[in-house]
Amino acid sequence: MSRSTAKRRVRVGVARLRSLIVGLLALVTAAAAAACTTGEDRPSIVVTTNILGDVTREVVGAEADVTVLMKPDADPHSFGLSAVQAAQLERADLVVHNGLGLEENVLRHVEAARGSGVAAFAAGEAADPLTFHAPDDGGPADGRGQPDPHFWTDPDRMRKVVGLLADEVAEHVDGVDERAIRANAERYGKRLGELTTWMEKSFDRVPRDRRALVTNHHVFGYLADRFGFRVIGAVVPSGTTLASPSSSDLHSLTEAMEEAGVRTVFADSSQPTRLAEVLRTELGGRVDVVELYSESLTAKGGGADTYL
């Protein structure tokens, strides 16, 4: 091979190398741009429960990425996190959780994130929490002194939480448009006000002396407080689905139901109705068991895919 041919081949090789380097740089630039547009550099909010996740998305809109840890149709008292989800909490700009002991298997991860410097907003603690009370007499039940975490069954309290959530996002999440956040919160707050009005009109059709509730566990205390219901009792006399009733609990409940003339038990759709079926047996089959969406959203199209 002549010297000129060798030089020519070297020049071609160098040109090809330069072309390859330019191409690689273009790919890196494109990848970086894609990362920016797909959210790697966007503000991040992580929410524990799917009910609060839906509400947070309404408030945040397109201003930040919102990750919801609890799957549809799950039980907020018992769902857990993977290692990846736990890491997401510690990388978030803001963690939104219910608090008041609701997410029993997730609380330690929330506290770990808070300990590492992540801002955290406990919605239930900001919603004027109630405590569990025994039926009718106003005294404390076996959950003596324990706050009730199910504040979302009163849309007025959720409306208050929406305003406070907007404050938390504006304060702790850099890069969001505060005016957009406030506008979203105001718009959604109006819809919650409309929900309260609709519920009032609906419940007005139920005579006051028949507004007696029995549920799988104590979940409707806030609804009862807001709309004038009496909580006769619960199959599981606790604010958590992780407890179990005793035979004396069931006996006391059946007596209270007989006295109040209650023939319907409302059971959350995410829980088995076995315990409610036990009551049906205790009362000789004269009890209807009605499933409600009360603690979890469903998947899209499943009947309760938004809080509203």
Exactly one of D154, D148 is of a type in the set (D, E, K, R), crowded, with 19+ Cβ neighbours inside 10 Å, at pLDDT 95 or above and under 30 Å from L250 (Cα atoms), and that one is D154
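Would you check which residues across segment 280-300 are under 21 Å from W152 (Cβ atoms), assigned to a loop (DSSP other than H, G, I, E, B) and open to solvent by 60 Å² or more (accessible area, probe 1.4 Å) and list them?
First, the residues of segment 280-300 that are under 21 Å from W152 (Cβ atoms): 290-300.
Add one more test, that the residue is assigned to a loop (DSSP other than H, G, I, E, B), and what stays is 293-300.
If the condition is that a residue be under 21 Å from W152 (Cβ atoms), assigned to a loop (DSSP other than H, G, I, E, B) and open to solvent by 60 Å² or more (accessible area, probe 1.4 Å), then Y293, K300 are the ones that fit.
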Considering residues that are touching a residue at least 40 places away in the same chain (Cβ under 8 Å) and over 11 Å from the mean Cα position of the chain (by Cα), the number found within segment 78-112 is 13
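The values are calculated or read from the model by the stated rules, or taken from the named source; none is laboratory data. Everything numeric here is computed off the predicted structure, so don't read it as measured data. Every residue, glycine among them, receives a Cβ derived from its backbone with ideal geometry; neighbour counts consider all protein chains shown. Accessible surface areas use protein heavy atoms only, side chains included; no ligands, DNA or RNA. Shrake-Rupley method; radii C 1.70, N 1.55, O 1.52, S 1.80 Å.
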